[in-house]
Amino acid sequence: NAGVTQTPKFQVLKTGQSMTLQCAQDMNHEYMSWYRQDPGMGLRLIHYSVGAGITDQGEVPNGYNVSRSTTEDFPLRLLSAAPSQTSVYFCASSLDRGLEKLFFGSGTQLSVL
Amino acid sequence: SQQGEEDPQALSIQEGENATMNCSYKTSINNLQWYRQNSGRGLVHLILIRSNEREKHSGRLRVTLDTSKKSSSLLITASRAADTASYFCATGPPYSSASKIIFGSGTRLSIRP
């Protein structure tokens with residue numbers, strides 16, 4: 001099993017551009033989530049999903065959109081990139097509504113110029 | 001502000017010594033989890049302790065949970081160079097609430113040879 005796969009690993013954007021960070025898991029997990037990690041800091045929850053068709057906001061949702069059309073995929077869309085969105089983004093999944101351990105992807109390092 | 005806060009922010013010890021990190025949180029929880037992050041990598045789950053448990057062991061790791069004080073501690077015994085990493089606590093809300101897993105800001109642990 002691949003676990004949680006994130007693409008791309010690195011991305012550079014110009015201010016105002018849009019892009020989608022991809023996340024896929026092959027463990028049939030109901031729960032998926034997106035976090036961002038700024039240098040020297042912990043992870044902050046952006047959005048999460050408890051199943052296909054169900055998403056909700058986390059701590060820092062502004063500037064990001066998500067959708068969950070399948071159990072496997074949970075893409076994160078940056079609508080109009082800003083320098084403040086420069087960060088490392090992690091996708092994670094869990095078997096049961098976030099009540100069990102999280103499995104993390106390897107991260108996407110995003111720079112917005 | 002974040003649910004979990006780790007203390008200390010940074011810790012440097014000699015190889016072979018024990019390392020203790022603390023986590024405090026603010027609201028009721030279903031479980032508390034500890035994760036490790038090596039530099040430039042994703043997070044790896046270490047241990048999960050549920051709200052009705054007081055202590056849990058896994059190899060050289062010992063986690064305690066005091067729900068009356070809203071605090072947890074992670075003890076790593078007989079530290080090794082490979083334990084050098086950042087350690088994060090994460091709290092899961094009560095089952096009836098939204099499924100947000102919130103991370104603290106982390107403790108950076110350095111093991112001196």
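A few notes on this one:
- For the protein assembly as shown, fraction of C-alpha pairs farther apart than 24 Å, in %: 43
- Label point distance in nm, B:Ala81-B:Glu55, each placed 7 Å from Cα along Cα→Cβ: 3.3
- Listed residue (A:Tyr89, A:Val12, A:Ser106) projecting farthest to the positive dipole end of chain A, Cβ model: A:Val12
- Restricted to Cα atoms, chain A shows a radius of gyration and a Dmax of 13.1, 38 angstrom.
- Residue-wise HN-Hα coupling along the stretch A:78-92, computed from phi with Karplus coefficients 6.51, -1.76, 1.60 (Hz; x: Gly, Pro): 9, 6, 8, 4, 10, x, 5, 8, 4, 5, 9, 10, 10, 9, 9
- Label-point separation, B:Asp66 to A:Ala2 (7 Å along Cα→Cβ), nm: 4.6
- Here the convex hull built on the C-alpha positions of chain B has a volume of 97 cubic angstrom per residue.
- Where only C-alpha atoms are counted, convex hull volume of the stretch A:36-86 per residue in Å³: 83
- 10 Å Cβ neighbours from other chains, averaged over peptide B:102-108: 4
- Largest GNM mean-square fluctuation among B:Gly42, B:Gly92, B:Gly16, using chain B with Cα springs under 10 Å: B:Gly42.
- Angstrom value of the Kirkwood radius, inverse mean 1/r, which spans all Cα pairs in the stretch A:61-113: 12.7
- Pairs from the table (A:Lys14/B:Lys100; B:Lys70/B:Lys100; B:Lys69/B:Lys100; B:Lys56/B:Lys100) lying more than 26 angstrom apart at Cα are A:Lys14/B:Lys100.
- In this entry, the stretch B:43-102 is assigned a mean projected area of 4.9 nm², taken as a quarter of its C-alpha convex hull surface.
- For the residues of A:43-50, the average number of beta carbons from a partner chain within 10 Å of their own beta carbon is 4.
- Distance between modelled label sites at A:Phe10 and A:Ser106, nm, 7 Å Cα→Cβ extension: 1.3
- For B:Ile102, distant residues with modelled amide H under 5 Å away: B:Thr91
- Among B:64-70, A:34-40, the order from most to least packed when residues are scored by Cβ within 10 Å on average: A:34-40, B:64-70
- Comparing mean-square fluctuations of A:Val50, A:Val12, A:Val88 from a GNM of chain A with C-alpha springs under 10 Å, the top value falls on A:Val12.
Bear in mind these aren't lab numbers, they're just calculated from the coordinates by the rules spelled out. Remember, predicted model here, so these are calculated numbers, not experimental data. Neighbour counts are summed over all protein chains in view; Cβ atoms, including those assigned to glycine, are modelled from backbone coordinates with ideal geometry.
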